[in-house]
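Contents: one structure, followed by commentary.
Throughout, read-outs are computed from the coordinates displayed, never taken from laboratory work. Please read all numbers here as calculations on a predicted model, not as lab measurements. Counting neighbours? That spans all protein chains shown, and the Cβs are built from the backbone with ideal geometry, glycine included.
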Amino acid sequence: MTIIMLGPPGAGKGTQAEILSAKLGVTTLSTGNILRTAIAEKRPVGLDAKKYMDKGELVPDEVIIGIIKDFLAGHDLGKGCILDGVPRNINQAKMLDEMGVAIDAAVSLEVSDSEIEQRMGGRRSCLKCGASYHVKANPPAKEGVCDKCGGELTIREDDKPETVRQRLAVYHKQTEPIIGFYAEKGKLITVDGTAGVEETAEKLVKALEMIQ
Ligand code: AP5
């Protein structure tokens with residue numbers, strides 16, 4: 001299946017994408033992780049994107065479309081894919097259609113802005129593989145160390161409270177309209193993202209089984 005993870009920053013898209021990707025045995029395209037790797041490697045695309053990411057703004061569509069094209073060139077989507085963090089606006093959604101990416105479901109993880117602001121303070125992210133943890137809700141086995149790859153866990157630059165508020169504003173204005181776009185196509189699945197990580201995953205899997 002090819003599944004889009006939608007939802008505000010911090011709704012749990014990356015966390016659920018990892019669980020689903022392991023369960024379904026499909027690859028994940030995370031534009032956020034690709035951009036953070038490009039920043040860490042000091043590549044021009046990353047350094048350019050950083051200016052937008054640090055302000056909580058979206059990176060220009062042409063950069064994202066380049067990332068999607070590179071990904072499609074290097075991956076066979078025959079078994080499906082989890083799209084985490086893309087599309088982010090209607091233009092990107094239309095571009096995916098034009099590139100022939102057939103979407104089976106768009107999952108909207110619903111979490112209120114106030115809960116997001118609280119959650120982000122406790123997020124820790126792996127510098128190496130991008131895995132996401134939470135000091136209380138989803139802690140790693142060893143503090144500061146990624147369970148999956150042993151990488152160092154850090155606080156993301158854009159998790160500062162003022163940047164989170166800006167990311168939420170950008171989400172409501174530019175990304176939320178995508179929910180209607182996929183609802184009209186009959187592809188939308190809405191899942192309450194406020195329960196724990198495992199409970200949310202169970203609800204999500206059940207909802208996906210209903211459409212298979
Ligand atoms: P991106 O990396 O995509 O960030 P985001 O969408 O803002 O989402 P996050 O990664 O912050 O959160 P998430 O929903 O994945 O939540 P997570 O699972 O980590 O993008 C970053 C930036 O890159 C953007 O602002 C933009 O500038 C740029 N960008 C990326 N893609 C782009 C695109 N396509 N177009 C343009 N620009 C783009 O969980 C969050 C926390 O909550 C964690 O601590 C986690 O452990 C915890 N948690 C998860 N689930 C639960 C739960 N059920 N209960 C309690 N805690 C939970």
Which entries of LYS136/LYS185; LYS42/LYS185; LYS79/LYS203; LYS42/LYS187; LYS55/LYS136 show an alpha-carbon separation above 31 angstrom in the structure shown? LYS136/LYS185; LYS42/LYS185; LYS42/LYS187
How big is the antiparallel share of DSSP beta bridges in the stretch 106-212, given as a percent to the nearest 5? 60
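With the convex hull built on the Cα atoms of the stretch 78-150, state its orientation-averaged projected area in nm².
Result: 7.0 nm².
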Tally Lys/Arg at +1 and Asp/Glu at -1 over every other residue whose Cβ is under 15 Å from the Cβ of HIS75; what's the total? -1
Cα radius of gyration and Dmax for the chain (Å): 16.1, 45
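For the chain, what is the calculated [θ] at 222 nm in deg cm²/dmol (nearest 500), taking -39500 (n - 2.57) for each run of four or more DSSP H residues and dividing by its residue count?
One gets -13500 deg cm²/dmol as the mean residue ellipticity at 222 nm.
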Here the gain from full extension of LYS128 to SER112, 0.36 nm per residue of separation minus their alpha-carbon distance, amounts to 2.8 nm
What nm value, rounded to one decimal, do you get for the distance between GLU143 and TYR52 when each label is placed 7 Å out toward the C-beta? 3.8
Take LEU72 and THR194, extend 7 Å from each Cα along the Cα→Cβ direction, and tell me the distance between the two endpoints in nm. 3.8
Assign unit charges at the C-beta atoms only (+1 for Lys and Arg, -1 for Asp and Glu), then state the dipole size of the chain relative to its Cα centre in Debye, rounded to the nearest 20. 380
Give me Rg over Rh for the stretch 89-212, both radii from the alpha carbons and Rh done the Kirkwood way, two decimal places. 1.00
Would you mind checking the pairs LYS13/LYS50; LYS94/LYS206; LYS51/LYS160 and listing those with alpha carbons more than 19 angstrom apart? LYS13/LYS50; LYS94/LYS206
If the chain between THR27 and ASN91 were fully stretched, how many nm would it gain, using 0.36 nm times the residue separation less the Cα-Cα distance? 20.7 nm
How much net charge surrounds GLU110 when only the other residues with a Cβ under 13 Å from the Cβ of GLU110 are counted, with Lys and Arg +1 and Asp and Glu -1? -2
Near VAL135, within a Cβ-to-Cβ distance under 11 Å, what is the net charge of the other residues, with Lys and Arg +1 and Asp and Glu -1? +3
